[in-house]
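Colleague: Dropping a structure here in structure tokens format, bear with me for questions.
The values are calculated or read from the model by the stated rules, or taken from the named source; none is laboratory data. What you are looking at is a predicted structure, and each value in this text was computed from that prediction instead of being measured. With ideal geometry, Cβ positions are generated from the backbone for all residues, glycine too; neighbour counts draw on all protein chains shown. Just so you know, the surface numbers come from the protein's heavy atoms only, side chains and all, with ligands and any DNA or RNA stripped out. Shrake-Rupley method; radii C 1.70, N 1.55, O 1.52, S 1.80 Å.
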Amino acid sequence: MRSLIAALLPALLLTGCASTTDVATRYTSDGSFPKQDQLLLVAHTPEGSVRETWELTCRDIFSSDSLTILLSHQELPLWYEGGKQRILHWAQETGVDRILVVELTHLLIDAAEPPQPVNQLNAMNQTPGSLPPTWEVGIGGDLRKADIPEALRQHGAELINAEGNPIWTGVATTHEANNMAVIAKSQCQALRKTLREQGYL
């Protein structure tokens, strides 16, 4: 029995460290985009605590000796009110030419309250005053919670330059529940791997 446990332990440890997010690439630009030494991470959500947790968790995953990570909630605390143009204006002024945006608006329901039965997820039961996103990344539409299996979380992601031109877009499908830090870690590990493989980081 001990030999069986000893044989399975390394496999279990590796499984625990692996990302549970799959990233599907939807678009890559034909243009030339040399690597940059700075990257702004943007969690697109009106919920400040979700934005902060996601960005702080992902900073350590993306940062390296050759890449400085900047966080939108620190650099532009109120960027959401100004929308995408405010971020682009800031990026152009500061010389940051890479911005990674992940759409987390759909995590509002999951982060704010326990999951509800599907028949209760309708507009009549939504929290009054919920803020819709003020701008959209160019990933071609919304992903509705009703279209997604209960165990999955799908979020659009887009790497853009300071002019707002898309360099790469995709969808991250995460096999996690309601822990924001775990979701962020899984997503960012998978996104970093994908963007590195495509030569953008």
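Colleague: Quick one: if you stick a label point 7 Å off each Cα along the C-beta vector at residue 38 and residue 64, how many nm between them?
Modeller: Simple spin-label model gives 2.0 nm for this pair.
Colleague: Considering only protein heavy atoms, with the full assembly of protein chains and a 1.4 angstrom probe, order 64, 49 by accessible area, largest first.
Modeller: From most exposed to least exposed: 49, 64.
Colleague: Compute the Cα gyration tensor for region 38-86, then decide on rounded, prolate or oblate, letting a ≥ b ≥ c be the square roots of its eigenvalues: rounded whenever a/c is under 1.5, prolate when a/b is larger than b/c in the other cases, and oblate in all that remain. Spell out each step's value before the answer.
Modeller: Details: a/c = 2.94, a/b = 1.58, b/c = 1.86.
The shape class here is oblate.
Colleague: For residue 40, list long-range residues whose amide hydrogen, built 1.01 Å from N in the peptide plane, is under 5 Å from its own amide hydrogen.
Modeller: Here the answer is 70, 98, 99, 100, since their amide H atoms fall under 5 Å of that of residue 40.
Colleague: For the full complex of protein chains and a 1.4 angstrom probe, list 21, 57 by accessible area with the highest value first.
Modeller: 57, 21
Colleague: Once the whole set of protein chains is in place, how much accessible area is left on residue 26, using a 1.4 Å probe, in Å² to the nearest 10?
Modeller: 150
Colleague: Given 0.36 nm per residue, what is the gain on full extension from residue 196 to residue 30 after removing their alpha carbon distance, in nm?
Modeller: Gain on extension, residue 196 to residue 30, equals 58.1 nm.
Colleague: Using the alpha-carbon centroid of each, what span in Å lies between region 82-97 and region 53-79?
Modeller: So the two Cα centres are separated by 15 Å.
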